[in-house]
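Notes follow the structure.
The values are calculated or read from the model by the stated rules, or taken from the named source; none is laboratory data. Every value quoted in this text rests on a predicted model; they were computed, and no experiment measured them. Note that we place each Cβ from the backbone using ideal geometry, even for glycine, and neighbour counts take in every protein chain shown.
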Amino acid sequence: MKIYIDFDDVICETAKYFTKIAKELFGIDVPYREVQFFNLQKSFDLSDTQYEELMEAGHLPENLLNYEETFGASDTINKWVDEGHEVFIITGRPFNSYEPSRKWLDEHHLERVPLFCVDKYGRESFDQDYQYNMTLEQLYSMTFDFAVEDSPAAFEHVLHFNHCKVAVFNRPWNRQSELPNDNFVRCESWQEIDSVITENIIF
């Protein structure tokens with residue numbers, strides 16, 4: 001199987017780290033469980049300038065390297081690779097965050113899994129010719145049998161993959177979101193995600 005995996009809040013606990021940064025920078029204390037929106041500007045009630053500052057701080061190499069791994073992520077992904085599945089990490093992080101993101105993956109024993117930065121959310125203001133970035137059109141030309149996502153804003157992207165089963169990693173900002181169709185299933189953990197892909201292989 002070909003498997004698409006999002007990075008932030010799927011493989012690592014990005015939002016939890018951003019709540020700490022928001023508190024340090026602006027004195028804004030929003031507990032992780034109360035992060036209601038994928039759009040952190042809205043969740044933290046930030047001005048445009050504050051949001052830019054937050055995003056810049058959150059993507060500094062020293063911060064990216066400190067994100068905590070989501071429990072079970074690397075073990076499960078490596079099991080899939082060992083079983084012969086083709087696994088790709090498809091992130092919406094800024095293109096210039098590739099190097100520390102790649103280093104984080106390598107340090108968490110995911111060196112066998114390729115990483116691609118895709119402008120999922122229209123944040124890139126100009127084209128950057130990195131070998132590891134990908135346009136949405138290039139992403140849509142690929143095929144995937146299984147995907148793991150947390151962002152309601154990214155559901156539209158995985159809908160381009162015909163008959164793709166999608167595990168939605170339950171997070172505070174997607175619990176109220178309606179899932180697009182029956183191919184989407186909510187999961188609370190990597191153990192549940194692994195069970196879903198196993199069922200998908202069998203059937």
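I'd like the full set of residues that are buried (at least 20 other Cβ atoms within 10 Å of the Cβ) and part of a loop (DSSP other than H, G, I, E, B), limited to region 1-38.
Of everything in region 1-38, those that are buried (at least 20 other Cβ atoms within 10 Å of the Cβ) and part of a loop (DSSP other than H, G, I, E, B) turn out to be D6, F7, D9, V10, I11, V35, F38.
Which one is nearest to H108 (Cα to Cα), of the residues in region 36-45 that are in contact with a Phe, Trp or Tyr (Cβ under 7 Å, 6 or more places away or on another chain) and either among the aromatic types (F, W, Y) or modelled with pLDDT of 95 or more (or both)? Steps first, answer last, please.
Initially, region 36-45 is screened for residues in contact with a Phe, Trp or Tyr (Cβ under 7 Å, 6 or more places away or on another chain), giving 36-38, 40-41, 43.
Subset that is either among the aromatic types (F, W, Y) or modelled with pLDDT of 95 or more (or both): 37-38.
Working: F37: 28, F38: 25 Å.
Applying the filter and picking the extreme gives F38.
Among the residues of region 100-114, is there at least one that is within 18 Å of F146 (Cα to Cα), of a type in the set (G, A, S) and under 14 Å from the mean Cα position of the chain (by Cα)?
Within region 100-114, not a single residue is within 18 Å of F146 (Cα to Cα), of a type in the set (G, A, S) and under 14 Å from the mean Cα position of the chain (by Cα).
Any residue that is in a loop (DSSP other than H, G, I, E, B) and touching a Ser or Thr at 6+ places or on another chain (Cβ under 7 Å) - is there at least one of those in region 58-69?
As a first pass, look at region 58-69 and keep what is in a loop (DSSP other than H, G, I, E, B): 59-60, 65-68.
Pick out the ones that are also touching a Ser or Thr at 6+ places or on another chain (Cβ under 7 Å) and you get 59, 67.
Yes.
Quick check on my filter: what residues within region 135-153 are crowded, with 20+ Cβ neighbours inside 10 Å and either among the aliphatic types (A, V, I, L, M) or over 28 Å from V30 (Cβ atoms) (or both)?
Correct list: L139, F144, F146, A147, V148.
For the structure I just gave you, tell me whether V87 is under 19 Å from D150 (Cα atoms), of a type outside the set (S, T, N, Q), in contact with a Ser or Thr (Cβ under 8 Å, 6 or more places away or on another chain) and surrounded by 14 or more Cβ atoms within 10 Å (Cβ to Cβ).
Answer is no for this residue.
Quick one: which residue in E107, E24, E69 is modelled with pLDDT of 95 or more and touching a His at 6+ places or on another chain (Cβ under 7 Å)?
Numbers: E107 fails: touching a His at 6+ places or on another chain (Cβ under 7 Å); E24 fails: touching a His at 6+ places or on another chain (Cβ under 7 Å).
None of the others qualify; the one that does is E69.
Just give me the residues in region 70-101 being closer than 20 Å to H157 by Cβ, free of Cβ contacts under 8 Å to residues at least 60 places away in the same chain and not in a loop (DSSP other than H, G, I, E, B), in sequence order.
Those that are closer than 20 Å to H157 by Cβ, free of Cβ contacts under 8 Å to residues at least 60 places away in the same chain and not in a loop (DSSP other than H, G, I, E, B): F95, S97, Y98.
Given the conditions (1) of a type in the set (A, V, I, L, M); (2) at pLDDT below 95; (3) closer than 19 Å to S101 by Cα; (4) touching a helix residue (DSSP H, G or I) at 6+ places or on another chain (Cβ under 7 Å), and given that M55 satisfies all but one, which numbered condition is not satisfied?
It is condition (4) that M55 fails.
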